[in-house]
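Colleague: One structure is given below, represented as structure tokens, and several questions about it will come after.
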Amino acid sequence: MAVSGFEGFEKRLELRFFHDNSTPNKNPMGLRLIDFESLDQVLTQVQCTVVSAVANRSFDAYVLSESSLFVYPTKIIIKTCGTTQLLKSIRPFIHLARTLNLTLRACRYSRGSFIFPNSQPFPYTSFEDEVVIVEDSLPKESLRHRKASVMTPSNNPSRAWHVFTASADVEPDESVVVVEVCMTELDRVNSLSFFRRKGDGNSDSAGKEMTRLSGIDLINENAFICDFAFDPCGYSMNGVDGDRYSTIHVTPEDGFSYASFECGLSLYDDGRGDVAEVLSRAIDVFRPSCVSIATTYGGEDYDREVTKRVERVLAKNLGLKCRSRLMDEFPGSGTVVFQSFTPRRR
């Protein structure tokens, strides 16, 4: 990786569980009962560690040396960058859930196209191989509905979105909308906020300064931010807002700069669900030349008006033009809309 540069594009895994009906006195904490030592053992297999953590009544959020981990009572979300071995976490997470009488209900694995694909270890050199590994790691008898798809924009085939889902149900079991944003060619001036300076102090205080200088604290002013600054550069944060999570990861080096923003939200409650405005504020922090947005609609049907509003707001506020829009449906895992944007001048 030192030869090519650091791989910012993350691999993302989401596992959803349910309580066995025969389980008496179900503990509402669910997966949050997994002890830290067990989590650490799984992360060691993935090749990353916890660097910071925060929790509230709804979930636990961990900033990792390579991205983030979120643990809800019946859901785990883990995303890792670099050359990490994310898929090695599937079997141990399922095993830990079983010890708590939780059964796997759905799995989703997704990622963008790597900047340095030749630097990835097996099986991440091929999406087909990744799918085989995921399939082999899942219980054969329960997750009957499975689908793999590569969503490839015609205007930029090198920036595809890869998705594999497996589900026990035909219909999604939750109504959360997940938005994943991948940004490359970040504005050089804005990227300076994510380099450590002399006298910045430790990683915690330096992270708070990066959050303030960059304007990340204004994306969602209701969120409690757990941030971390890497040395000599780089930044990660997890935002906690009730049962909502958000996360940002930044690789600011010129030549392979990358930033990601992800959040889980609902479209229609108390004003916080304006996807377009949230995305506009997040993307404005980085002013990238290339943006891709993957929106996964869970229990709620795909909302074409939301997609159109995202395109209108990004065009008006940031001068970004939508170059492609793709949609695909995944049994039991909802609908994915994949949009790519570049500045209008291009």
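Colleague: Given a 1.4 angstrom probe, I'd like the percentage of the accessible area of the chain that is carbon and sulfur, rounded to a whole number.
Modeller: Carbon and sulfur together cover 49 percent of it.
Colleague: Longer than 25 Å from Cα to Cα, which of LYS26/LYS88; LYS208/LYS308; LYS26/LYS79; LYS79/LYS147; LYS79/LYS198; LYS88/LYS208 are they? Say none if no pair is.
Modeller: Checking Cα-Cα distances, LYS26/LYS88; LYS208/LYS308; LYS26/LYS79; LYS79/LYS198; LYS88/LYS208 exceed 25 Å.
Colleague: Hey, another quick one. Determine, from the Cβ-Cβ distance of HIS19 and SER154 and an R0 of 56 Å, the FRET efficiency 1/(1 + (r/R0)^6), rounded to the nearest 0.05.
Modeller: Calculated transfer efficiency: 0.80.
Colleague: Kirkwood Rh, region 131-240, all Cα pairs: how many Å?
Modeller: Evaluated on region 131-240, it is 17.8 Å.
Colleague: Report the FRET efficiency, 1/(1 + (r/R0)^6), for ASP204 and ASP254, where r is their Cβ-Cβ distance and R0 is 30 Å, rounded to 0.05.
Modeller: 0.70
Colleague: What number, in nm² with one decimal, is the all-direction average of the projected area of the convex hull of the alpha-carbon atoms of region 15-169?
Modeller: Averaging across all directions leaves 10.1 nm² for the Cα convex hull.
Colleague: To the nearest 20 debye, what charge dipole does region 11-343 have about its Cα centre, counting +1 at the Cβ of each Lys and Arg and -1 at the Cβ of each Asp and Glu?
Modeller: 420 debye
Colleague: Pairs of Cα atoms under 8 Å, at least six residues apart: use those to get the relative contact order of region 224-346, whole percent.
Modeller: The value is 17 percent.
Colleague: While we're looking at this one, here's another question. Can you tell me what the convex hull of the Cα atoms of region 156-301 projects to on average, as an area in nm²?
Modeller: Answer in nm², one decimal: 10.1.
Colleague: Further question: Can you pull the three principal axis extents for the Cα set of region 222-346, in Å, largest first?
Modeller: 44, 39, 28
Colleague: Kirkwood Rh, region 219-268, all Cα pairs: how many Å?
Modeller: The answer is 11.9 Å.
Colleague: Then there is this: Expressed in nm to one decimal, what extension gain is obtained for the pair THR49 and SER142 from 0.36 nm per residue of sequence separation less their Cα-Cα distance?
Modeller: Extra length available between THR49 and SER142 comes to 30.3 nm.
Colleague: Further question on the same structure: Using alpha carbons only, how many angstrom separate the centre of region 277-346 from the centre of region 50-93?
Modeller: 25 Å
Colleague: Another question about this same structure. Out of every Cα-Cα pair in the chain, what percent are more than 39 Å apart?
Modeller: Value for the chain: 8 percent of Cα pairs lie more than 39 Å apart.
Colleague: Counting only C-alpha contacts under 8 Å and six or more residues apart, can you give the relative contact order of the chain as a whole percent?
Modeller: 18 percent
Colleague: Semi-axes of the equivalent ellipsoid of region 80-145: what are they in whole Å, largest first, if each equals the square root of 5 times a C-alpha gyration tensor eigenvalue?
Modeller: 25, 13, 9
Colleague: Turning to a different aspect of this structure: How much length would be gained if the chain were fully extended between ARG309 and ASN101, taking 0.36 nm per residue of separation minus their Cα-Cα distance, in nm to one decimal?
Modeller: Separation in residues times 0.36 nm, less the Cα-Cα distance, equals 70.7 nm.
Colleague: Still on this model: For a label point 7 angstrom out from the Cα of ARG57 toward its Cβ, which stretches of region 234-257 have the backbone nitrogen within less than 20 Å?
Modeller: 239-246
Colleague: Measuring with a 1.4 Å probe in the full set of protein chains, what accessible area per residue, in whole Å², belongs to the chain?
Modeller: Dividing the accessible area of the chain by its residue count gives 42 Å².
The values are calculated or read from the model by the stated rules, or taken from the named source; none is laboratory data. Since the model is a prediction, treat every value here as computed from it, not as a measurement. Cβ coordinates were reconstructed from backbone atoms using ideal geometry, including for glycine residues, and neighbour counts include every protein chain displayed. Keep in mind that these areas ignore ligands, DNA and RNA; they rest on the heavy atoms of the full protein, side chains included. Shrake-Rupley method; radii C 1.70, N 1.55, O 1.52, S 1.80 Å.
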